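Every number here is computed from the coordinates shown, using simple stated rules; none is lab data. Values in this document were obtained by computation on a predicted structure and should not be read as measured data. Neighbour counts are summed over all protein chains in view; Cβ atoms, including those assigned to glycine, are modelled from backbone coordinates with ideal geometry.
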Amino acid sequence: MATSLLQIRMDEDLKNQAAELFESLGMDIPTAIRVFFKRALVEKGLPFDVKVTPSNEIEDPTGLLAAFQVLNANAQKNGTIGMSEEEIEAEIKLMHEERRRKRNG
């Protein structure tokens, strides 16, 4: 089975809280993400309800919407909104190369 790298940016507190939760369940973040993806495939959609209430207030009991909004705001701030995955990966590669050059003089 070939594997693929998935990189995401998220609020550090959200990541730490999720890591603690997943650790208490006996798994790390990559395992939890794989479980989410597999469950989404079984459900043929998100493995939880996503809906707008009649009052047009969005329910967000899991905090996923808030997390998405933070990610979207960060993408706008960083100028990465609308970039393709390949463009983001190329930018990350350039940043790693610059960091490596600075370390090696």
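Please say if segment 53-105 is rounded, prolate or oblate, where rounded means a/c under 1.5 for a ≥ b ≥ c the square roots of the C-alpha gyration tensor eigenvalues, and otherwise the choice is prolate for a/b larger than b/c and oblate otherwise?
prolate
Bin all alpha-carbon pair distances of the chain at 5 Å intervals from 0 and give each bin's fraction as a whole percent.
In order of increasing distance, the bins hold 2, 9, 12, 17, 20, 18, 11, 5, 2, 1, 1, 0 percent.
On a straight-distance basis, which lysines could pair with Lys77 in a cross-link, Cα separation under 24 angstrom, same-chain partners fewer than 8 positions away excluded?
Partners found: Lys15, Lys93.
Angle between the Cα long axis of helix 85-104 and the longest principal axis of the chain, 0 to 90 degrees, nearest 10?
Orientation of helix 85-104: about 40 degrees from the principal axis.
Under 12 Å from the Cβ of Leu21, count the other residues' Cβ atoms, weight Lys and Arg +1, Asp and Glu -1, and hand me the total.
Every neighbour counted, the sum reads -2.
What does the net charge come to around Glu97 if you take all other residues with beta carbon closer than 14 Å to its beta carbon, with K and R at +1 and D and E at -1?
Charge balance in the 14 Å sphere: +3.
Give, as a single signed number, the net charge of other residues whose beta carbon lies under 10 Å from the beta carbon of Leu71, with Lys and Arg counted +1 and Asp and Glu -1.
0
Send over the semi-axes of segment 1-47's equivalent ellipsoid, whole angstrom and largest first, taken as the square roots of 5 times the C-alpha gyration tensor eigenvalues.
20, 14, 12
Tell me the relative contact order for the chain as a rounded percent, counting alpha carbon contacts under 8 Å between residues six or more apart.
21
In deg cm²/dmol, rounded to 500, what helix-only [θ] at 222 nm does the chain give when every DSSP H run of at least 4 residues adds -39500 (n - 2.57) and the total is split over its residues?
Taken over the chain, the calculation gives -20000 deg cm²/dmol.
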